[in-house]
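The numbers here are math on the coordinates, done by the rules we state, and not lab data. These numbers come from a predicted model, not from an experiment. Neighbour counts run over all protein chains shown; Cβ positions are idealised from the backbone, glycine included.
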Amino acid sequence: MASIHLQDCVCAHCRDRKPFSIPPHLLDAIANGEVVIFAGAGISTENRTYSRTTFYEEIRSELKLTEHISFPRLMDALCAQPDGRLRLLKKIKKRFDYFISFDEFYQAMTRVHRAISPLHTIADVITTNWDDFFERACGFDAFVYDSDLAFWDASRRRVMKIHGSITNFGSIVATTSDYRQSYKRLNNGPLGAHLKSLIARKTVVYVVILFRTTTIFACYEIFPR
């Protein structure tokens, strides 16, 4: 039996549904295929509405650190331990596999992805997230390395994963060194050049989590129920 949510319901499912009117110029841009989505942190597994702790908090607790440090420095601390990089990758994969194994988690964590999926005029997504939810939920093809760019036009819908992907362990950007190398690649490499071109030529809609609220044009009424 489907659950009933009243108009003023404040449950975890309803509390972030905010009234929103899409500006006409943005509707036109979407219809004309001129919109690129930039999907940032918190739209999936790192959303506190769905997960009690973030990956950052999980690692910080395991290392018994009391001070707040940056994410890359925390990953540095983990990777400095014996087999640290291997442990990091195993932990990331275990976290994703756990959420995927429960349909309730997966449906909630792909809510944004499923909102974007039927908007076929949106062909390009840029993300800093490691998960493969855009590939799973939307059928997007992943572009991770400079060498992938040669096949850009072979894909109908693409997700550019500028911090790597869990489907390719060597691509994960997590530590301070990883971020430096990624910054250099994006500044000097062809994938970074294409990223700059997309941002310069198209309307970019940023999708992030701010204080537990999803800031997204799709907050309107296109979220799948």
Identify the trypsin sites (Lys or Arg not before Pro) of region 132-170 meeting these criteria: DSSP loop state and at most 10 other C-beta atoms within 10 Å of the C-beta. R156
Can you check what the net charge comes to around E34, using other residues whose Cβ is under 9 Å from the Cβ of E34 (Lys, Arg +1; Asp, Glu -1)? +1
Loop-only chymotrypsin sites (Phe, Trp or Tyr not before Pro) in region 73-107, please: DSSP not H, G, I, E or B, and at most 13 other Cβ atoms within 10 Å. F102
Lys, Arg +1 and Asp, Glu -1 on Cβ, resulting dipole of region 24-219 about Cα centre, debye, nearest 20: 300
Please list, by residue number, everything in region 130-169 whose backbone N is under 12 Å from a paramagnetic label point 7 Å out along Cα→Cβ of K93. 166-169
Of all DSSP beta bridges in region 24-219, antiparallel share, percent nearest 5: 20
Entries of K93/K161; K161/K196; K90/K161; K90/K184 with Cα pairs more than 23 Å apart: K90/K184
Of A154, S171, H113, which is farthest on the positive side of the dipole of region 24-219, counting Cα position, with +1 on Lys and Arg Cβ, -1 on Asp and Glu Cβ, and the Cα centre as origin? S171
